[in-house]
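Visitor: Dropping the structure in here first, questions after.
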Ligand code: NCD
């Protein structure tokens with residue numbers, strides 16, 4: 001029973017609430033599905049925002065730029081860095097997160113719910129959806145159904161655009177430039193989605209590319225054709241020794257076991273490469289080693305203390321880049 005003298009008073013002083021602001025940055029409301037959406041201007045914009053995010057985090061840890069916003073993090077494949085960095089990014093900007101990252105098996109997906117329905121449900125709660133899924137094109141499908149922006153956090157062996165943004169940002173911050181660099185990609189160039197995305201982004205710069213892989217893990221033809229069409233200096237080899245002396249960037253990747261239909265084939269190539277201190281002794285004094293991680297033996301632990309080993313600094317950049325991207329897509333940066 002309500003008290004007799006109860007009068008319904010408004011909970012909020014609606015006239016005093018600030019207007020919902022968005023900035024005209026060209027990103028607001030955009031689905032981030034592929035690196036093809038990023039030209040050099042857009043890259044510069046996100047990088048400049050990421051630097052501001054870094055400065056802000058180093059000084060005060062966080063802000064309320066995205067207060068009142070909710071992110072749904074929907075992961076159908078395992079993840080440590082991508083999911084954690086999106087969550088940390090949202091938290092540091094004052095927003096909230098629905099984390100469906102530790103087992104879609106506990107969500108209604110295990111009851112047979114389709115991606116389309118899951119997405120149309122999550123958008124009732126959230127302003128933006130980050131999706132990782134084993135099938136190529138899944139984030140496009142999600143974006144077709146969702147009315148809120150969808151960010152592709154990896155669609156099978158397809159693309160991983162936010163990883164490529166942080167990879168490129170790391171190269172730029174570590175070496176001070178992108179034009180004129182020699183970048184060597186090593187490992188699983190066939191199934192590694194980070195390789196597809198980073199390669200395509202690098203084509204916007206004046207770079208030379210070296211692709212190092214066993215025969216069965218060579219760069220797919222469609223990506224290689226884009227490389228050739230872009231007219232960059234490119235070569236393929238099976239041997240790291242062919243590229244180590246001249247490389248400015250060594251981008252090392254894991255063999256993607258989960259993409260092999262024939263595990264015997266995986267066994268043949270799983271230990272193909274290992275970056276060791278002996279190999280690093282042949283590399284330039286000023287160069288960097290990157291890896292999207294997780295590593296499963298491609299880089300010896302003894303390399304970690306080498307100042308050129310930049311893979312954990314790369315991890316940190318992932319948070320700044322995702323802060324910049326979330327704020328831009330939500331129209332707040
Ligand atoms: C990569 C991925 O998921 O594609 N990891 C990541 O997002 N940092 C690389 C990998 O799993 O090998």
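What follows draws every value from the coordinates through simple rules; no lab data is involved. This structure is a prediction, so every number in the text was calculated from the model and none was measured. Heads up, the Cβs are rebuilt from the backbone with ideal geometry, glycines too, and the neighbour counts pull from every protein chain shown.
Visitor: Classify region 148-250: rounded, prolate or oblate, from the alpha-carbon gyration tensor (a ≥ b ≥ c, eigenvalue square roots; a/c under 1.5 rounded; otherwise prolate if a/b is larger than b/c)?
Guide: Cα axes put region 148-250 in the oblate bin.
Visitor: At a 10 Å Cβ-Cβ cut-off, how would you order 319, 53, fewest neighbours first?
Guide: Going from sparsest to densest Cβ surroundings: 319, 53.
Visitor: Please rank 291, 160, 69, 238, fewest neighbouring Cβ atoms within 10 Å first, as an exposure proxy.
Guide: Listed from fewest to most nearby Cβ atoms, that is 238, 69, 291, 160.
Visitor: With contacts defined as alpha carbon pairs under 8 Å and 6 or more residues apart, what's the relative contact order of the chain in percent?
Guide: Computed value for the chain: 21 percent relative contact order.
Visitor: Another question, then. Just to be sure I understand the model, the point goes 7 Å from the Cα along the line to the Cβ. What's the resulting residue 58 to residue 102 distance in nm?
Guide: Each label point lies 7 Å from its Cα, and together they span 3.3 nm.
Visitor: Mind jotting down the distance between the C-alpha centroids of region 57-97 and region 121-179, whole Å?
Guide: That distance is 14 Å.
Visitor: Could you check the simple spin-label distance between residue 241 and residue 204, using points 7 Å along Cα→Cβ, in nm with one decimal?
Guide: 3.8 nm
Visitor: Please work out whether region 221-333 counts as rounded, prolate or oblate from its C-alpha gyration tensor, where a ≥ b ≥ c are the square roots of the eigenvalues and a/c under 1.5 means rounded, while otherwise a/b larger than b/c means prolate and anything else oblate?
Guide: Rounded, because the longest to shortest axis ratio a/c is under 1.5.
Visitor: Between rounded, prolate and oblate, where does region 29-104 land on the alpha carbon gyration tensor, with a ≥ b ≥ c its root eigenvalues, rounded for a/c under 1.5, else prolate if a/b exceeds b/c?
Guide: Oblate shape, in that a/c is at least 1.5 and b/c is the bigger or equal ratio.
Visitor: With a cut-off of 8 Å between alpha carbons and a minimum separation of six or more residues, what is the relative contact order of region 1-118 in percent?
Guide: Relative CO of region 1-118 lands at 20 percent.
Visitor: Among 85, 138, 110, whose mean-square fluctuation peaks in a Gaussian network model of the chain (Cα, cutoff 10 Å)?
Guide: With Cα springs under 10 Å in the chain, the top fluctuation among 85, 138, 110 is at 110.
Visitor: Grab the beta carbon distance between residue 135 and residue 84, set R0 = 22 Å, and tell me the FRET efficiency rounded to 0.05.
Guide: Once rounded, the FRET efficiency stands at 0.45.
Visitor: Would you calculate the separation in nanometres between label points at residue 124 and residue 28, each defined as 7 Å from the Cα along the Cα-to-beta-carbon direction?
Guide: 2.8 nm
Visitor: How high is the relative contact order of region 260-333, in percent, with contacts defined as C-alpha pairs under 8 Å that are six or more residues apart?
Guide: 29 percent
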